[in-house]
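Nothing in this text is a laboratory measurement; each read-out follows from the coordinates by a stated rule. These numbers were taken from a predicted model, which means no experiment stands behind them. All Cβ positions, glycine included, derive from the backbone under ideal geometry; neighbour counts span all protein chains shown.
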């Protein structure tokens, strides 16, 4: 039997959460793990596995809430920067299979979310252009 989605239970009001703000499409809650105070998770109320399943209405509501909460976190908690992230799948360390965007205050030298394991050189422009063309084809665009 599949385990129930923790974020769906929170969205229905069946599980406890420290709610920061909410509307009929999205809600922002405090993450249970506070590496730095003010770590927020913004979720759609409807169960969506990840950002690839978003429609325009929920996407707009979700990003409006992310923006609003990010401003509040920036003002309310000590930080020298902020990180926003959404992970998709096991390789990206997605822990709950329900779309959620983290808003996390950052401090210099905290070593959280190191992006690259080593220094990378710039990719050749022709390779980047080739990647852009491949993506445009999947988007149905001709530029």
query: If you line up the long axis of helix 125-139 against the longest principal axis of the chain, both from Cα atoms, how many degrees apart are they, to the nearest 10?
result: 60
query: Taking the chain as a Gaussian network, where each spring joins two C-alpha atoms under 10 Å apart, which residue of 65, 112, 27 fluctuates the most?
result: 112
message: Counting only helical runs of four or more DSSP H residues, what would the 222 nm mean residue ellipticity of the chain come to if each run contributes -39,500 (n - 2.57) and the total is spread over all its residues?
response: -9500 deg cm²/dmol
field: Whole-Å semi-axes of the range 23-143's equivalent ellipsoid (Cα gyration tensor)
entry: 28, 22, 14
- request: Would you mind telling me which residue in 26, 17, 57 has the biggest mean-square fluctuation in a Gaussian network model of the chain, where springs connect alpha carbons within a distance under 10 angstrom?
  value: 57
message: For Cα pairs less than 8 Å apart in space and 6+ apart in sequence, what is the mean separation divided by the residue count of the chain, i.e. the relative contact order in percent?
response: 22
- line: Given a Förster distance of 30 Å, the FRET efficiency implied by the Cβ-Cβ spacing of residue 57 and residue 93, rounded to the nearest 0.05, works out to 0.60
task: Please express the shape of the range 1-89 as an equivalent ellipsoid: the semi-axes are the square roots of 5 times the eigenvalues of the C-alpha gyration tensor, given largest first in whole angstrom.
output: 22, 16, 13
message: Cut-off 10 angstrom, C-alpha nodes, Gaussian network model of the chain. Which of 119, 106, 46 fluctuates the most?
response: 119
